[in-house]
Amino acid sequence: MKSDRGHEKATEAARKAAMATLAAAPVETLRALCATLDMPQDVIFLRGPETGLVTVRGRIGGGGAPFNFGEATVTRATVRLADGAIGHAYALGRDREKARLSAIADALWQNPEHRLRVEEKLITPLRAAQSTADTKKRHETAATRVDFFTMVRGED
């Protein structure tokens, strides 16, 4: 019983990580990789893709009381594949195609028969591209770093 729950939690965490990768991906890259995956196009839209607003919350200093920071535009989609698998996706912004492709990828990922293929052809290349972009940005930021120091004069 406990091992089943542990497996469930691990699968849930892996799905969450895959969806985070899809949400952060640029739509052009996602579209190109989905073309190599041969994703099903005969899907039933249960919801959307539709665009709306969500409230963004923040905290002062990361630990203060939460407050409503503002609103963000989000597009969501829910699809059902021919085999009955249901996929959900949210994408920041108004890109309906990104939400649709991400929802289809989520539905495919949930099927153990397709999971490995989705991971290999879609999720892994997206993670690699995101890692490369993060490394490049860190290097560019590090190049502008200024180290401040204080000199002591006299008797202070």
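A compact table of results
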| item | result |
| --- | --- |
| Residue that is basic (Lys, Arg) and over 26 Å from ASP134 (Cβ atoms), where the choices are ARG57, ARG80 | ARG80 |
| Filtered residue count, region 73-94, keeping only those that are among the charged types (D, E, K, R), part of a strand (DSSP E or B) and under 23 Å from LEU126 (Cα atoms) | 1 |
| Qualifying residue in region 95-103 (condition: in a strand (DSSP E or B) and either of a type in the set (Ser, Thr, Tyr) or in contact with a strand residue (DSSP E or B) (Cβ under 7 Å, 6 or more places away or on another chain) (or both)) | no |
| Qualifying position, being among the small types (Gly, Ala, Ser), more than 21 Å from ALA128 (Cα to Cα), in a strand (DSSP E or B) and modelled with pLDDT of 90 or more, among GLY48, GLY70 | GLY70 |
| Considering residues of region 23-63 that are of a type outside the set (Val, Ile, Thr), within 18 Å of ARG127 (Cβ to Cβ) and loosely packed, with under 13 Cβ neighbours inside 10 Å only, the residue farthest from the chain's Cα centre (by Cα) | ALA32 |
| Of all residues in region 1-19 being surrounded by 13 or more Cβ atoms within 10 Å (Cβ to Cβ) and either charged (D, E, K, R) or free of Cβ contacts under 8 Å to residues at least 60 places away in the same chain (or both), the one that is farthest from ALA103 (Cα to Cα) | THR11 |
| Members of region 96-152 found to be of a type in the set (Lys, Arg) and surrounded by 14 or more Cβ atoms within 10 Å (Cβ to Cβ), listed by number | ARG96, LYS98, ARG100, ARG115, ARG117, LYS121, ARG127 |
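The values are calculated or read from the model by the stated rules, or taken from the named source; none is laboratory data. What you see is a predicted model, and the numbers here were worked out from it, not measured in a lab. Because the Cβ atoms are built from the backbone with ideal geometry, glycine has one as well, and the counts that use them run over all protein chains shown.
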